[in-house]
Amino acid sequence: MGGSWCRALRERCPQPRGLLNLTITKACLFALLFGLVWSITGSECLPGGNLFGLVVLFICAVLAGKLMGLVQFPTLPPFPPLLGMLLAGLLLRNVPYISDAVYIDPRWSSALRNIALAIILTRAGLGLNPQALVRLKAVCVRLAVGPCLVEASVVAIVSHFLLKLPWVWGFILGFVLAAVSPAVVVPSMLLLQREGYGVDKGIPTLLMAAGSFDDILAITGFSTCLGIAFSTGSTWMNVLKGLLEVVGGVLAGLLVGVFLCLFPSSDQEDLTWTRTLLLLGLSVFSVFLSHVVGFAGAGGLCVLVLSFVAALGWRVNKAPVAVVVGRSWDVFQPLLFGLIGTEITVSTLNPSTVGLGVACLFIGLSIRVLVTFLLVHFGGFSLKEKLFIAVAWLPKATVQAAIGSKALDMAREDGDEVLVKYGLDVLTLAVLAILITAPIGALGIGLSGPRLLQPQVKVSGEPETGPASPDSNNVSEKDCRTIESKL
């Protein structure tokens, strides 16, 4: 009887198929998910709630990134998606009525930015080539240290006289602006490495390695200056604390990296996912723990070292792990740049501050390019390769997004209006640096790489390898080498 009733119902109400059925199914799943979350969190997932704001921001940032990637001009590479993500956050923050509905708790925003920083540093550590590092160690150190310190000092001096910032706040701004962007440099270098440009001389590995250390130096300098600005203790003690952060970060990274080489063993099941979860979990934990113990600069360096040491132990088996880490970055990248965009309120910006800040930025960039070109002079590179390295050292995005608002957050906690103004100036210039240098740097790398770098010389008779699928946990050694060559 029940069966006949069902047959009669199907005859009277034909089942929808195709696109209509798919649309209704997806809508019901979305409504069910929303209802489930609402029943648990209540008002948090409604307009004005924190969870609602994060979901809207993520969706808008992803869509804006996709749209920005579609903006192309003949003979030019596409604009970096991170620019669209940043603009999405700016619009959500500054459009009336929408800004009231899209609220994000500052603590959640800060935590998500720190997670994104840990992921991109992990990805950079996995992508380092130890053989090229040994061959280029001298120029790598010069490239990592020289431009960062010189640009930070130049920006500090210029901002002291143009923006009337105190010296310590000038150096805070200088170290924020001096960091090169892994979010632009690393993907661009991986692409050039895949195409074989500059590989014979290790230029992609050199820039990824030096860029990571450049960021660590900038974060350490920023943390030291921030401690001086908000500390009542001895200046020398704060400087010593910065040095201890560097040493502590390296030692902690070595210990954790050796642990990851030993655990889990290669005979365990789901090896790729276990290694990835341990790697990302320890990386994120290192960043947050460094803040808890008061050594914020040590966390990033620890992440870079532990991921590099782990990759040395895993050898070819690091390739599938790197693929999964890259996918996790695809999730957190829209959150990072969308969140930093929501920190800027256009109506509160001072036009004079913006104009003078852009002048500080361009003066610092000009000196940085010149110093970079000079420091790689004795690295065995041709004139074209030195020009490319100087251009590749322009873009800024990730570190500026991750630490640009920290000084403002601390100033707000202190309740000092003067310090809040200084913190807002630092954040404003960090956002301007992203908006100006990220597209210029990405386009510069994409255009100059194939023209200024030599393609890789292939050994005759070397077999061609096809693309490998990283989706499976049981990846063969041959597939691992193929994936690694593409990374």
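The values are calculated or read from the model by the stated rules, or taken from the named source; none is laboratory data. A quick note: this is a predicted structure, and the numbers were derived from the prediction, not measured. Reconstructed Cβ throughout: ideal geometry from the backbone, glycine too, with neighbour counts over all protein chains shown. We work out accessible area using only protein heavy atoms, side chains counted, and drop any ligands, DNA or RNA first. Shrake-Rupley method; radii C 1.70, N 1.55, O 1.52, S 1.80 Å.
Below, the figures for the structure above:
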quantity: Solvent-accessible area per residue for the chain (1.4 angstrom probe, square angstrom); calculated: 48
quantity: Alpha-carbon centroids, the stretch 262-297 and the stretch 355-393: separation in whole Å; calculated: 35
quantity: The chain - percent of accessible surface contributed by carbon and sulfur, probe 1.4 Å; calculated: 69
quantity: Largest-first ordering by accessible area, 1.4 Å probe, given options M189, M237; calculated: M237, M189
quantity: Value in Å of the Kirkwood radius, where the chain supplies the Cα pairs that are averaged; calculated: 24.0
quantity: Prolate/oblate/rounded call for the stretch 255-397, Cα gyration tensor, a/c under 1.5 rounded; calculated: oblate
quantity: Built amide H within the under 5 Å cut-off of Y197, gap 5+; calculated: Q456
quantity: DSSP H segments from the chain that extend 24 Å or more along their own axis, Cα-based, with Kyte-Doolittle mean of -0.5 or above; calculated: 18-41, 50-70, 106-126, 137-162, 203-229, 235-262, 271-292, 296-314, 318-341, 351-375, 417-452
quantity: Mean separation of Cα contacts under 8 Å (6+ apart) over length of the chain, as relative contact order %; calculated: 23
quantity: Surface accessible to a 1.4 Å probe, L361 within the full protein complex, Å²; calculated: 10
quantity: Exposed-site-free run, longest, the chain (rule: GluC sites (Glu not before Pro); DSSP loop; at most 12 other C-beta within 10 Å); calculated: 1-268
quantity: Charge dipole magnitude, Cβ of K and R +1, D and E -1 - the chain, Cα centre, debye nearest 20; calculated: 840
quantity: Of the chymotrypsin sites (Phe, Trp or Tyr not before Pro) in the stretch 355-433, those whose Cβ has at most 15 other Cβ within 10 Å and which sit in DSSP loop; calculated: F378
